[in-house]
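Report on the following structure.
Taken together, the values in this text are just the output of simple stated rules run on the coordinates, not laboratory data. Fair warning: this is a prediction, and the values are worked out from it, not measured in the lab. When we count neighbours, we look across all protein chains shown, and the Cβ atoms used for this are built from the backbone with ideal geometry, even at glycine.
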Amino acid sequence: MKLLDILTRDTILTDLQAKDKPAVLEELLAPLSQTSAPSKEALMQVLMERERLGSTGIGDGIAIPHGKLDNLEDIFLIFGKSRRGVSFDAMDNRPVHLFFVILTPAAETGLHLKILARISRLLREPSVKNRLRQASSPEMVLEAIAPMDEDF
């Protein structure tokens, strides 16, 4: 499986408007309203519970909010970009511009960790980060990821 097997044009948001952590998480979850995902409230709860354990803002303008749910049947990967940046309690105290949200079924712990590790490796590549920061369409996001996308 590759990241582009689960990241789709429908789950890519290149112009986030939210200004704080709860609002950006809600905005990022909006594409799932037309899917088989649990309610937005249930998804928000799992993401906010994870944030209370420690911010998923890893620094350098990046956050990877993630969670596992018992009643989730599919794996969801959402990408979002904020031009102005969002205060997200990141490790470096800087605003976050790039978001990858990972939601997996609770029984898929191994897969959840593999996706998290794959995104982390991808974002260590400066050229990918730069292309994602400049992306203004879902196609540009997919094109930025594709050359480095490998099976996990």
Length released on extending from GLU49 to THR35, taking residue separation times 0.36 nm less the Cα-Cα span: 2.8 nm
With all distinct Cα pairs included, what does the Kirkwood hydrodynamic radius of segment 3-148 come out to in Å, to one decimal, could you say? 15.0
What distance in nm separates the simple spin-label points at MET140 and GLU26, each placed 7 Å from Cα in the Cβ direction? 2.8
A 19 angstrom limit on the alpha carbon distance is what I want to check against. Which of LYS19/LYS129; LYS40/LYS129; LYS2/LYS81; LYS19/LYS81 exceed it? LYS19/LYS129; LYS40/LYS129; LYS2/LYS81
With each run of n ≥ 4 DSSP H residues scored as -39500 (n - 2.57), what mean residue ellipticity at 222 nm is computed for the chain after dividing by its residue count and rounding to the nearest 500 deg cm²/dmol? -10500 deg cm²/dmol
Highest GNM mean-square fluctuation, the chain, Cα pairs closer than 10 Å: which of GLY59, GLY110, GLY85? GLY110
Contact order relative to length of the chain, as percent, for alpha carbon pairs under 8 angstrom and 6 or more apart: 29
Can you list the aspartates and glutamates whose alpha carbon sits under 17 Å from that of LYS68, skipping same-chain ones fewer than 8 residues off? GLU26, GLU41, GLU49, GLU51, GLU108
